[in-house]
Amino acid sequence: MSIGHTLLGLLESGPRHGYDLKRAFDERFGHDKPLHYGQVYSTMSRLLKNGLVEVDGIEPGGGPERKRYAITDAGVTDVETWLAQPEKPEPYLQSTLYTKVVLSLLTGRNAADLLDGQRAEHLRLMRELTRRKAGGDLADQLICDHALFHLEADLRWLEMTAARLDRLASEVRS
Amino acid sequence: MTPTGALLTAGALRKTYGATLALDGADFGIHPGEVVAVMGPSGSGKSTLLHCLAGIVRPDSGEVRYRGRELSAMSDAERSALRRSDFGFVFQFGQLVPELTCVENVALPLRLSGVKRREAEARSTEWLDRLEVSDVAGKRPGEVSGGQGQRVAVARSLVTGPRVLFADEPTGALDSLNGERVMQLLTEAARDSRTAVVLVTHEPRVAAYSDREVVVRDGVARDMAGVA
């Protein structure tokens, strides 16, 4: 995720202090990974240097968290361009799981057990996310659903691979 | 597997259909209030396992015990009575009687076991409400959406307070959002009433509503609790 663009976007509704920005970010997007203060200040100083934000005021007391930032016109354009740009789909072509399966087969280990163990691990996380979703608000549900759909895709791949293990084994060993 | 306190267990189940081996030594166990997903590829024996557990199909060998009683030692009449009194069923399609209204459909198993109409319909209305479909009570199945119909079917499967609910791809015909809501309501209701749920599914996101999974492959069931 582009932290710079996200902080800029949060500034569009009005000027904010550094600590306020961090809090807004964590509340909405930082469920599992809250921002470090250091990240906020390094990002803000970069945005400042690039003319995307300006300092709107400084509260007495000193320290970097006392600066109040406002987005500039260039900043608004930057957010707009970022939002309009489709994200590049992740191709997932370098899968560790695929490598592990092939190596298991190559070395005569049990690849079916490996796939079973992986399924159990994926389902464990899916259960956790499903529980979090049940107790959460709409934002939680959407965040968890995104993760759940990706995990589900992995699991479908596991099942397809499990069904074709014999063929794969004869190919990698030939 | 015969864990202590298990409600329903199966050991070394074998079942063939003609030349096809559907179950080849399957074990299974479930406790009250537990939701167990039975997963595996098509043709792996998932549904046969469910049918054996529910006493619908008699295995060629092996045993199924419900509260310590061996199902195959019961007469057909005893097994039917057990299915009516202690088991609930929900499937993927076509379970509702088209000529009856939704509330009458839910009330049907109660009526069959002799509950008076007024009381049966009152209890059914509560279940329809719980499944968030009280507004379709007076409609016939043909007049409601697939998601509503499936919730009615879930209400019907739980109205008798079964100790075991057998659910075979219960959300298979629904879109994701409806399917998930049905799973959420079904598992909440089952856990509240300590009903054990045997959930056959090939969908991982449906299986994620379970407490653990049993994977069936080539007729062998493997309990994945403690794996990985």
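Since every read-out is calculated from the coordinates, none of them should be taken as a lab result. Bear in mind that the values here come from a model prediction, so they are computed numbers and not experimental data. As a convention, Cβ positions derive from the backbone with ideal geometry for all residues, glycine included, and neighbour counts pool all protein chains shown.
List of remarks:
- Interchain or long-range residues, amide H under 5 Å from A:Tyr69's placed H: A:Arg16, A:His17, A:Gly18, A:Asp56
- Rg/Rh (Cα only; Kirkwood hydrodynamic radius) as it applies to the protein assembly as shown: 1.10
- For the listed residue pairs A:Lys133/B:Lys139; A:Lys133/B:Lys15; A:Lys22/A:Lys49; A:Lys33/A:Lys133; B:Lys46/B:Lys139; A:Lys100/B:Lys15, the alpha carbons are over 28 angstrom apart in A:Lys133/B:Lys139; A:Lys133/B:Lys15; B:Lys46/B:Lys139; A:Lys100/B:Lys15.
- Whole-Hz ³J(HN,Hα) from phi, Karplus 6.51 cos²θ - 1.76 cosθ + 1.60, for region B:118-133, glycine and proline x: 4, 5, 4, 6, 5, 5, 5, 4, 4, 5, 4, 5, 4, 8, 6, 10
- Between the amide H of B:Val220 and those of B:Asp24, distances stay under 5 Å, these residues lying 5 or more places away or on another chain, with hydrogens modeled in the peptide plane.
- Value of relative contact order over region A:3-84, rounded to a whole percent, pairs C-alpha under 8 Å and six or more apart: 38
- Expressed in Å, the radius of gyration and Dmax of the Cα atoms of region B:8-222 are 16.9, 50.
- Ranking of B:Lys46, A:Lys100 by count of other Cβ atoms within 10 Å, fewest first: A:Lys100, B:Lys46
- Using θ = phi - 60° and Karplus 6.51 cos²θ - 1.76 cosθ + 1.60, couplings along region B:45-57 (whole Hz; Gly, Pro as x): x, 4, 5, 4, 4, 4, 5, 5, 4, 8, x, 7, 10
- Beta bridge orientation in chain B: antiparallel %, DSSP, nearest 5: 55
- Annotation: amide H-H contacts under 5 Å for B:Glu34 (H modelled 1.01 Å from N, sequence separation of 5 or more, or interchain): B:Ala196, B:Val197.
- Helix B:76-86 axis, angle to chain B major axis (alpha carbon atoms, nearest 10°): 60
- Kyte-Doolittle mean at least -1.0 and Cα axial length at least 24 Å: DSSP H helices in chain A: A:111-134, A:138-163
- Computed over chain A, relative contact order equals 18 percent, with contacts defined as Cα pairs under 8 Å that lie 6+ residues apart.
- Rounded tilt (10° steps) of B:102-112 against the dominant C-alpha axis of chain B: 60
- Spatial separation of Cα centroids for region B:156-228 and region B:26-90, in angstrom: 14
- Note on A:157-165: average number of Cβ atoms from other chains within 10 Å of each residue's Cβ is 2.
- Here the average projected area of the convex hull drawn through the C-alpha atoms of region A:3-84 stands at 5.2 nm².
- Computed over chain B: relative contact order in percent, which uses C-alpha pairs under 8 Å that are six or more apart: 30
- Dimensionless Rg over Rh [region A:46-174; C-alpha; Kirkwood]: 1.23
- Taken over region B:119-214, the percentage of Cα pairs per 5 Å bin, counting from 0 up to the bin with the maximum distance, is 3, 13, 26, 25, 19, 10, 3, 1.
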